[in-house]
Every structure is written in structure tokens, then in C-alpha cells.
């Protein structure tokens, strides 16, 4: 056995692992920071709950505005002005029935209906303005002109958006 080669010692075998620091906790270490975090979380939960409640409470408004948009865009060109006023009157009545107690809204008609709409919108445009078409359009001999039609559509939109319960 003449020539036996000896291998050099393994250079990696003598290395020592570097000790790693402990993992960093995401939980705050001080009590004031923990209290602030809990308050922030509670505030976010309350805000989300109120937003959801408000959104659900005003769902009927969004649906009424969508119906108003359908009436004014799809049907306005095809229907007579008095028929448009009738459709708007029905929309306002359905919206009022969704927002107010049925016993308060259902029996109203004519001047009492317009006075109710004035009370809930803080104005007099229904009983003294273009809003009279909502009560008189099925019985009127004259039809509203284009300016009155657009004013009636605008008044209906403002009432749906801004009436107070």
C-alpha cells in the first residue's frame, strides 16, 4: 500500500451556528399600547355596525332612486306627461309607505297627502308648487309642460333623498 492519500479535514465541520434572536411578538409589551389597540378595535367594530345599520335603514331610498331613474330615462319619452306624474306619485307613495308607519300614510290623499309631503321635506313645494301634480295629475285636463315635468322629477328626487322620518 504504497500511496494512500489522506483527505484534508472538512472545513465546514468546525463551524458553529449563529444563535438567532427570539421571534418578535406583534402583541404590544406595554399596557397603554394594549388598551389603545383594544379601543381602536372596538371603535372599528362600532363604526362598521353603525355603517351597516345606516345602510340597511336607507335601502328603500336607494331602491326608490333607482326606480325614479328607470321611470325618467326609460319611460319618459314613451309616456304622456300626466302618466309620468302618476308614476311619480305612485313612487312617492310607495317610498312613504316604506319609511313611515302604514297607518300614518295609507289614508292620506289630496291636500292632506301634499301637506304630509311638505312636513316631511320642510318646504311647501308639494302643496303650493309643482308638487300639486302628484295629487291632481290623474284628474287634470291640462298636462304639465316640459319645465314642470323636469321640476316635478327634481322635486321627487329631492324628497326621496332628503325626507326625514
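Tally up the residues in segment 92-109 that are in a helix (DSSP H, G or I) and surrounded by 11 or more Cβ atoms within 10 Å (Cβ to Cβ), please.
Total meeting the criteria: 10.
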Task: Breaking point among (1) assigned to a helix (DSSP H, G or I); (2) over 18 Å from residue 162 (Cα atoms), for residue 79 - done: (1)
Open item on the list: Go through segment 110-129 and report how many residues are without any contact (Cβ under 8 Å) to a residue 12 or more places away in the chain, assigned to a helix (DSSP H, G or I) and farther than 20 Å from residue 60 by Cα.
Closed with: 2
TODO: Being within 30 Å of residue 94 (Cβ to Cβ) and modelled with pLDDT of 85 or more narrows it down to one of 62, 34, so name that one.
DONE: 62
TODO: With respect to residue 20, determine if the residue is in contact with a helix residue (DSSP H, G or I) (Cβ under 7 Å, 6 or more places away or on another chain), in a loop (DSSP other than H, G, I, E, B), farther than 23 Å from residue 142 by Cβ and without any contact (Cβ under 8 Å) to a residue 40 or more places away in the chain.
DONE: no
Open item on the list: Condition first: at positive phi and either out of contact with any strand residue (DSSP E or B) (no Cβ under 9 Å at 6 or more places or on another chain) or surrounded by 17 or more Cβ atoms within 10 Å (Cβ to Cβ) (or both). Can you find one or more residues in segment 121-142 that meet it?
Closed with: yes
- [ ] State all residues of segment 130-147 that are in contact with a helix residue (DSSP H, G or I) (Cβ under 7 Å, 6 or more places away or on another chain) and either assigned to a helix (DSSP H, G or I) or at pLDDT 80 or above (or both); if no residue qualifies, say none.
- [x] 130, 131, 132, 133, 134, 135
- [ ] Test residue 90 against the stated conditions and say whether it is at pLDDT 90 or above and within 19 Å of residue 136 (Cβ to Cβ).
- [x] yes
Open item on the list: Here is a check on your reading of the model: is residue 8 over 30 Å from residue 153 (Cα atoms), part of a loop (DSSP other than H, G, I, E, B) and touching a helix residue (DSSP H, G or I) at 6+ places or on another chain (Cβ under 9 Å)?
Closed with: no
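The values are calculated or read from the model by the stated rules, or taken from the named source; none is laboratory data. Computed from a predicted model, the values in this text were never measured in an experiment. Positions of Cβ are generated from backbone atoms using ideal geometry, with glycine treated the same way; all protein chains shown enter the neighbour counts.
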